[in-house]
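The values are calculated or read from the model by the stated rules, or taken from the named source; none is laboratory data. Since this is a predicted model, take the numbers as computed values, not measurements. All Cβ positions, even for glycine, are placed from backbone atoms using ideal geometry, and neighbour counts span all protein chains on display. The area values use the complete protein model at the heavy-atom level, side chains included, leaving out ligands, DNA and RNA. Shrake-Rupley method; radii C 1.70, N 1.55, O 1.52, S 1.80 Å.
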Protein chains: 2
Amino acid sequence: MFQDLLKDVITRTDGALAGLVMGLDGISVDVYIAEGDSPIEVENVGMEYSVILKEIKRAAELLDAGTAREISIQAEKLTTVIRLINDDYFVAIALRPDGNYGKARFLLRTAAPKLASELGS
Amino acid sequence: MFQDLLKDVITRTDGALAGLVMGLDGISVDVYIAEGDSPIEVENVGMEYSVILKEIKRAAELLDAGTAREISIQAEKLTTVIRLINDDYFVAIALRPDGNYGKARFLLRTAAPKLASELGS
């Protein structure tokens, strides 16, 4: 089910390389990789960003900005869109820098409630 | 000059609350606040996010994603768009959640080279 949702987001987003559902503890629940991308790399991206995500969550609450919902990181060679599913899990999509960032955000926003109900929250 | 550039971005972006130019060490260079917003809060946002930004920068390099250029954080009550100016400084805009996020990104992208040349980089 996670695979299906991730596959749907990845195949409908131009330039999407991979997607994953992961715990904020850095342990992945499921990964979907577009053809030609490396599975190891994707989990590394998730693990690195899960640490940062926890800090963003904490900072947003501290600053009274409310719950953090979406984070995106544009780097020279990779764009990452991250959506918090609930207090413990997030979904992330990695895109080429010229990928359809707006579409990725939109599809993650609509997928998040479905992922939340799959995760039983 | 920083003030002028920040003011220009803030006044042209619907829902923008404040902007600041800050070092990655959390020391602010300049701040511009739209009417009614609190100056103390803005510097706090900058300081909290400067710590996170350093980690994102490190993670992106570690992951071979290249230099991090732009980070945005959507929280329940605040959207923040951050653009790295150079290795030591960033510019950030805080928006209401319903503010014009696309416009903020665009204006920061065009302002960044001007800010970089002001900072002598």
Is there any pair with a first residue in the stretch B:4-27 that is of a type in the set (D, E, K, R) and a second that is assigned to a strand (DSSP E or B) whose Cβ atoms are under 7 Å apart and which are 6 or more apart or on different chains, and what are they?
B:Lys7/B:Tyr32
Mind telling me which of the residues B:Leu115, B:Leu95, B:Leu84, B:Leu78 ends up being more than 25 Å from A:Lys54 (Cβ to Cβ) and aliphatic (A, V, I, L, M)?
B:Leu115
Does A:Val91 count as crowded, with 17+ Cβ neighbours inside 10 Å, within 13 Å of another protein chain (Cβ to nearest Cβ) and of a type in the set (Val, Ile, Thr)?
no
Whichever residue in the stretch B:94-114 is outside any strand (DSSP E or B), of a type in the set (A, V, I, L, M) and within 14 Å of another protein chain (Cβ to nearest Cβ) and, among such residues, is nearest to the chain's Cα centre (by Cα)
B:Leu108
Just one listed residue, out of A:Glu35, A:Glu48, is closer than 16 Å to A:Leu6 by Cβ and without any contact (Cβ under 8 Å) to a residue 24 or more places away in the chain, and it is A:Glu35
Elements of type strands (runs of 3 or more DSSP E) in the stretch A:1-88, at least 1 residues being within 14 Å of chain B (Cβ to nearest Cβ) and open to solvent by 30 Å² or more (accessible area, probe 1.4 Å)
A:16-23, A:68-75, A:79-84
Just to be sure I understand, how many residues within the stretch A:94-118 are open to solvent by 10 Å² or more (accessible area, probe 1.4 Å) and over 13 Å from A:Leu5 (Cα atoms)?
11
